[in-house]
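What follows is one structure encoded as structure tokens, with my remarks underneath.
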Amino acid sequence: MSDPNRTPRLSFCSPERETVVTITKADLDLANYVFADESGQFQDKDFICLCGFLSSGAKWDSFTARWHGLLHKFGLPVVHMKAFYSDCAKLGMNEIQATHALEEFIDIIRDTISVGFAVGLDASYYRGMPDPAKEGMGDPGVACLQRLLHLIRDRFRNLGYKERISLTLDEDETYAMKFDSVIGRLRRKDHELGSLIGAVSFADDTFILPLQAADILANLTTRWFRDRATAAAQEDAPPPLLQRLLMSPERGYGLEYRTELWNGDALRKHLSHFVKWSGFRL
């Protein structure tokens, strides 16, 4: 982050293949559904992450059919990463078998999704920032949501995308009403964003299955972001399960992944730019 005008971002590049996965406007012409989830409960976390997937209705239909089939195959009622390995153990699987099962779910995501987005934030450091510096973005969950909307809006802007999207977030009794209010205000104040987001909803991930995919992404990305914050991982070297999600190990294709990691160091260096970069004011 040496350039003060550059937002921290990644279009995933496979070190082995040196292939940048980039989605074109043609790929996004029908990609009008975003499903997003957070890592854990925002109010209880020192480090939080909000992630989302974008794809077309047809691809989400394919995703849902295949996901249903895989849940039935393994006898799982739902995929929640927090309880995935314990749920698998109850079905008689050991850790290695559970990981192989998770890889099958991950392969479905990679095959059917166009773009992933993620924003990570050192919530403990952010909460301690002076209120004037946060300019109305005091809640770390709200800050992540605004940054995620920024990523999505800019991705479409760069391609000249003029269609609208539907945004569905995993329901959270603490944040659903807050997020709905914030998105409504942002849509009214930012014409471009208001034109882009045609619908906002909150859903139970046991019913709306794409939210389970977002849960996997949020879980794996949070681990990666935490490791990067302690120099245990590199920006261009995701851990094996996340790398598998982003890039096929056999066929050399993958999905585009746009990320921002706002750790304490990034916030210290770019505090004056954090709100400005989001392009929004409440």
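Sorted ascending by nearby beta carbons within 10 Å, beginning with the fewest, Ile216, Ile96, Ile183 become Ile96, Ile183, Ile216. When Rg and Dmax are taken over the Cα atoms of the range 83-201, they come to 18.5, 54 Å. P(r) tail, the range 13-277: Cα-Cα pairs separated by more than 31 Å, 23% of all pairs.
Take the convex hull of the alpha carbons in the range 137-264; its mean projected area over all directions comes to 9.6 nm².
The residues packed around Ala233, meaning those with a beta-carbon under 14 Å from its beta-carbon, carry a net charge of 0 if Lys and Arg are +1 and Asp and Glu are -1.
All of the numbers you see were taken from the coordinates with simple rules; none came from a lab. Computed from a predicted structure; not experimentally measured. Cβ atoms come from the backbone with ideal geometry, glycine included; neighbour counts cover every protein chain shown.
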